[in-house]
Structures are given as C-alpha cells and as structure tokens.
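Could you have a look at this structure, given as structure tokens, before my questions?
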Amino acid sequence: MPGGTSAVDLVCAQRDNIPVGLAVMISMGILLAFSFLFVSPGDEAFTVLVIDAVLIVGSTAFFLVTYYYCTRRAMDD
C-alpha cells in the first residue's frame, strides 16, 4: 500500500503475541476433546460441538501459518 503499512506488516508486528493465541487455541482444543466424551451424535449439543471444533481447528491453523510466515519473513530481512 503506497504511503501506508500493509496488513501483513501489522500482523507480523504482533509476532511475539502469536504463541499466546496458539496456547489458548490448544487449551480450547483439549477442553473440546473432553466434551466429545460426553456428547453423543444424537444430542442437540453435538451440532454446536462440531461447529466449535471447526472454528478451533481453523483458528489454530491460521495462527500456525501466520507465525511460520512471519518468522520466515523476519529471517529473510
């Protein structure tokens, strides 16, 4: 972006905070795994559990890819 900072620069500036987000996502994933032990596919909460699993896996993947990209970018500079 001419005359400004790109979104990638703004995200990579927060690279030191990404491991905290990863720790939160991993903790939520562990708690979600315990929930799968008590909810069966016929229950009403199962749909919410599946949606939550998709969101947690997607967020974890986003944080991992972002951290990897920003680390590689910092090493190239």
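Taking the Cα atoms only, what angle lies between the long axis of helix 45-76 and the longest principal axis of the chain, rounded to 10 degrees?
Computed tilt is about 20 degrees.
Please name whichever of Val20, Ser59, Ser40 sits farthest to the positive end of the charge dipole of the chain, dipole taken about the Cα centre and charges placed at Cβ: Lys and Arg +1, Asp and Glu -1.
Working it through, the farthest residue towards the positive pole turns out to be Val20.
Only helical DSSP H runs with n ≥ 4 go in: add -39500 (n - 2.57) per run for the chain, normalise by residue count and round the 222 nm mean residue ellipticity to 500 deg cm²/dmol.
Calculated mean residue ellipticity at 222 nm is -26500 deg cm²/dmol.
Just need the relative contact order of the chain here, percent rounded to a whole number, with Cα pairs under 8 Å and 6+ apart. Don't skip to the end; give the middle numbers.
Numbers: 27 pairs, mean separation 33.8, N = 77.
Relative contact order of the chain: 44 percent.
Follow-up. Could you size up the charge dipole of the chain around its Cα centre, putting +1 on the beta carbon of Lys and Arg and -1 on that of Asp and Glu, and report it in debye to the nearest 20?
180
Find the eigenvalues of the gyration tensor of the Cα atoms of segment 7-76, then list the square roots of 5 times those eigenvalues as equivalent ellipsoid semi-axes, largest first, in whole angstrom.
32, 11, 8
Compute the helix-to-body angle for 18-38: its Cα long axis versus the longest principal axis of the chain, expressed 0 to 90° and rounded to tens.
Around 10 degrees separate the two axes.
Computed from the coordinates by the stated procedures, all read-outs in this text should not be read as laboratory data. Since this is a predicted model, take the numbers as computed values, not measurements. All Cβ positions, glycine included, derive from the backbone under ideal geometry; neighbour counts span all protein chains shown.
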